[in-house]
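Have a look at the structure below before the remarks.
The values are calculated or read from the model by the stated rules, or taken from the named source; none is laboratory data. Keep in mind that what you see is a predicted model, and the values were worked out from it rather than measured. Methodologically, a virtual Cβ is constructed for each residue, glycine included, from the backbone with ideal geometry; neighbour enumeration extends over all protein chains shown.
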C-alpha cells in the first residue's frame, strides 16, 4: 500500500451538510426537513443547480420523485430503521401490517400507514445519505411549484383547463418552465397529473425525518439476519464453492433458465392481444431485421410485461418450478432491507435451455460441478461492504466476485458500458487498483447500441446529491470519469477477504494477485448534467435492455468458462 495521491475532494459545503443532518438525526425527536434547506442549498449540488432560483428546478424534482414512494406527498414524517424489529422497539408499530409502497427508480422497502407515517428500511449509512438530500430537494421544489400555483386564477383549475392539452403552454408559462418540462412531468405522473398539480397547489410540504437507530451494530445485526434467511433456504452455501454476483434479480435467471424462450409463442400471442402498438412494432422490426436488436432481449422484456398481467401472473408458479428444475432457487428478503437473492446450482443447469449467447464450447462438464452462484439484487453504497463481508464469512470457498451496476459518466453517453481498473472510494478514502477480469472485447460482441470503455477510473460517492462542480472537477482532471456507489465498498470487503486485517483508510491499495476472480462492469444510466433524463425515465425498450444483458452475458460466460477450466484442471 502507498500513500494516497488523489487529493481529498469533499468540499466544505458538502461536509457541512453531512455534519448538519447527522447531528440533527441523533435526536430522539423528529427533525424538520425545513431546517436542512439552507445548508442543502449552500452545497451547490450538481443534481440541484437551480436550488436558489425562484423558478422550479424540474430536473431535481423529477430525480427525487422517481426515487421516493408516491405517498411521500401525503406523509408528515419519514421514519428510518434497519428492520421491522427496530420499528417495533421505536414505538412505530408493526410496519409490515401497513401498505407496502415503493419508488419507480429506487429499490427500498417502505411501508405507509395510510395517514402520515412513511417507514423506510435502511441497510447502511448510505441510505441516509440518499434519502435525506432527496427529501430536501423534493420539498424545496414542491414548495416552489406551490407558490407559483397559488398565484394562478382559481378558474384555471375549476374549469379543468389543465386537463386540456391546448392549455399546457399556459400552465408552463405560469410555472416558469418550458413546455418540454411540463410534458416530462405529465408523462411521469400519467393519469394523476391533474390530481397532483391540484394537490401541490393546495398544500405546502412540511416533511419531518426521524432516525430510530444509527448504530453500526444495528446495521450489522440487520445484515446478519438477512444472511440467515438465505442460509436457512440453502444450507449448502456454507460448504460449497461460490461465485458471488451483484447484479439484478432478472437478467441472470432469464439467460440461464430459458423460461422466456420456452413460452415464446405465449409471449407473441400476448403482444398481438395487448394493444401495445409500440411493442408489436419492435417485434416486427426484429423479425424483419429492420433494427439491430436481440430477439432474446425482447422476449425477456415481454416476459416482464406479461407477468404483470392477470393472465401472465398465473404463470408464476410454473416459472418458479421451471427454474427449480434448472437448479435456480429464488430467496426473497423479508423483514429486512430490500435485497433479494438467487442461488444457482451449476450442476443442474441445462445448457440446451440457456441463452445461445452463453455458448462457447461444450458445457457438459458442468454436471460435475459442486459450485454455486449466489446472485444478489445490487445493494446501495455501504450495504455492499456489509453484505459481501457477511457472505464471505459464511460461505465455502469464494471463487469469484462479479459486480454489475448502474453509474453516471463524465465522458460517455447513456447506455455505454464502463470497465474500471481504478476505484477511489469516498467512504474509506482509499484508491483501489486491481486487475479487472473484463476487457472491452468481452462485452462488445453483445452490445448493439452503445460503446464499451475499458481502462476507466471510477469514484464511489456517498450519495447522488452529494457532489458539486468543484468536487467533480478535481476528479475529472485526475482522469476519473465513472461515478457510482458500490464498487468502493465492495473492494473494501474484498481487501478483508484475503488480508488478515480491516481495510486501511486514505491509502492506495493494490488488489492485484487476488486468490479469486474479480470483475466489475458498469453501464451508464445518467450524466450529471443531463437535466433529469436517464434510463429511469420513459420506456425502457431496447436501449435500456442492451447494456444490461450485454454485461450479464459477459459475466456468465466468464463464470461458466472459469468453472469449466477449474473442473478440467486447466
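Matching residues to (1) touching a helix residue (DSSP H, G or I) at 6+ places or on another chain (Cβ under 6 Å); (2) assigned to a loop (DSSP other than H, G, I, E, B); (3) modelled with pLDDT under 95:
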| position | (1), (2), (3) |
| --- | --- |
| 350 | no, yes, yes |
| 361 | no, yes, yes |
| 366 | yes, no, yes |
| 370 | no, yes, no |
| 375 | yes, no, no |
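In region 513-530, which residues are assigned to a loop (DSSP other than H, G, I, E, B) and at pLDDT below 95?
Across region 513-530, the qualifying residues are 513, 527, 528, 529, 530.
Would you confirm whether any residue within region 125-139 is in a loop (DSSP other than H, G, I, E, B) and under 23 Å from residue 25 (Cα atoms)?
no
With the condition kept exactly as written, say whether any residue in region 250-260 is under 29 Å from the mean Cα position of the chain (by Cα), outside any helix (DSSP H, G or I) and closer than 18 Å to residue 340 by Cα.
Within region 250-260 (the criterion being under 29 Å from the mean Cα position of the chain (by Cα), outside any helix (DSSP H, G or I) and closer than 18 Å to residue 340 by Cα), the answer is yes, since at least one residue qualifies.
Does residue 167 satisfy the criteria of being surrounded by 14 or more Cβ atoms within 10 Å (Cβ to Cβ) and in contact with a strand residue (DSSP E or B) (Cβ under 8 Å, 6 or more places away or on another chain)?
Spelling it out, it is not the case that residue 167 is surrounded by 14 or more Cβ atoms within 10 Å (Cβ to Cβ) and in contact with a strand residue (DSSP E or B) (Cβ under 8 Å, 6 or more places away or on another chain).
Looking at 415, 400, which one is in a loop (DSSP other than H, G, I, E, B), assigned by TED's automatic domain parsing to the domain that holds residue 493 and crowded, with 22+ Cβ neighbours inside 10 Å?
Result of the check over 415, 400: 415.
From 450, 428, 392, 435, grab the single residue that is part of a helix (DSSP H, G or I), surrounded by fewer than 24 Cβ atoms within 10 Å (Cβ to Cβ) and either touching a helix residue (DSSP H, G or I) at 6+ places or on another chain (Cβ under 9 Å) or modelled with pLDDT of 90 or more (or both).
From the options 450, 428, 392, 435, the qualifying one is 392.
Looking at residue 338, is it out of contact with any helix residue (DSSP H, G or I) (no Cβ under 9 Å at 6 or more places or on another chain) and in a loop (DSSP other than H, G, I, E, B)? Walk me through it before giving the result.
Working: out of contact with any helix residue (DSSP H, G or I) (no Cβ under 9 Å at 6 or more places or on another chain): yes; in a loop (DSSP other than H, G, I, E, B): yes.
When the stated conditions are applied, residue 338 passes them.
Kindly check whether there is at least one residue in region 325-335 that is more than 29 Å from residue 562 (Cβ to Cβ) and either at pLDDT below 90 or part of a helix (DSSP H, G or I) (or both).
So in region 325-335, the residues more than 29 Å from residue 562 (Cβ to Cβ) come out as 334-335.
Cutting the leftovers down to either at pLDDT below 90 or part of a helix (DSSP H, G or I) (or both) gives us 334-335.
Among the residues of region 325-335, at least one is more than 29 Å from residue 562 (Cβ to Cβ) and either at pLDDT below 90 or part of a helix (DSSP H, G or I) (or both), which makes the answer yes.
If you check 94, 55, which single one turns out to be closer than 23 Å to residue 340 by Cβ and over 26 Å from the mean Cα position of the chain (by Cα)? Step through it out loud before you land on a result.
Working: 55 fails: closer than 23 Å to residue 340 by Cβ.
Answer to the selection: 94.
Can you work out which of the residues in region 302-318 that are touching a residue at least 24 places away in the same chain (Cβ under 8 Å) and more than 11 Å from residue 274 (Cβ to Cβ) is surrounded by the fewest Cβ atoms within 10 Å (Cβ to Cβ)?
304
Keeping to region 436-451, report how many residues are in contact (Cβ under 8 Å) with a residue 60 or more places away in the chain and touching a strand residue (DSSP E or B) at 6+ places or on another chain (Cβ under 7 Å).
6
Taking the condition of being buried (at least 16 other Cβ atoms within 10 Å of the Cβ) and modelled with pLDDT of 50 or more, how many residues in region 531-548 meet it? Reasoning before the result, please.
Residues of region 531-548 that are buried (at least 16 other Cβ atoms within 10 Å of the Cβ), as a first pass: 531-532, 534-537, 542-548.
So of that shortlist, the ones also modelled with pLDDT of 50 or more come out as 542-548.
Of the residues in region 531-548, 7 are buried (at least 16 other Cβ atoms within 10 Å of the Cβ) and modelled with pLDDT of 50 or more.
Please go through region 234-249 and pick out each residue that is in contact with a strand residue (DSSP E or B) (Cβ under 8 Å, 6 or more places away or on another chain) and either buried (at least 22 other Cβ atoms within 10 Å of the Cβ) or part of a loop (DSSP other than H, G, I, E, B) (or both). So that I can check it myself, show each step before the final result.
Start the filter on region 234-249 by keeping residues that are in contact with a strand residue (DSSP E or B) (Cβ under 8 Å, 6 or more places away or on another chain), which leaves 234, 236-237, 240-249.
234, 240, 241, 242, 243, 244, 245, 246, 247, 248, 249, listed by residue number.
Conditions tested, residue by residue: (1) within 29 Å of the chain's Cα centre (by Cα); (2) on the phi > 0 side of the Ramachandran plot; (3) not assigned by TED's automatic domain parsing to the domain that holds residue 551.
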{"position": "324", "(1), (2), (3)": "yes, no, no"}
{"position": "335", "(1), (2), (3)": "yes, yes, no"}
{"position": "341", "(1), (2), (3)": "yes, no, no"}
{"position": "348", "(1), (2), (3)": "no, no, no"}
{"position": "351", "(1), (2), (3)": "no, no, no"}
{"position": "364", "(1), (2), (3)": "no, no, no"}
{"position": "369", "(1), (2), (3)": "no, no, no"}
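Could you list, in sequence order, the residues of region 453-497 that are farther than 26 Å from residue 21 by Cα, at pLDDT 95 or above and assigned to a helix (DSSP H, G or I)?
Once the filter is applied, which keeps residues that are farther than 26 Å from residue 21 by Cα, at pLDDT 95 or above and assigned to a helix (DSSP H, G or I), region 453-497 yields 491, 493, 494, 495, 496, 497.
Residues that are farther than 20 Å from residue 72 by Cβ: find the helices (runs of 4 or more DSSP H) completely inside region 140-203 holding 1 or more of those.
Fully inside region 140-203 and qualifying: 155-158, 168-174, 179-189.
Just to verify a result, which residue in region 333-354, among those that are buried (at least 22 other Cβ atoms within 10 Å of the Cβ) and out of contact with any strand residue (DSSP E or B) (no Cβ under 6 Å at 6 or more places or on another chain), is farthest from residue 299 (Cα to Cα)?
Among those residues, the one meeting the criterion is 336.
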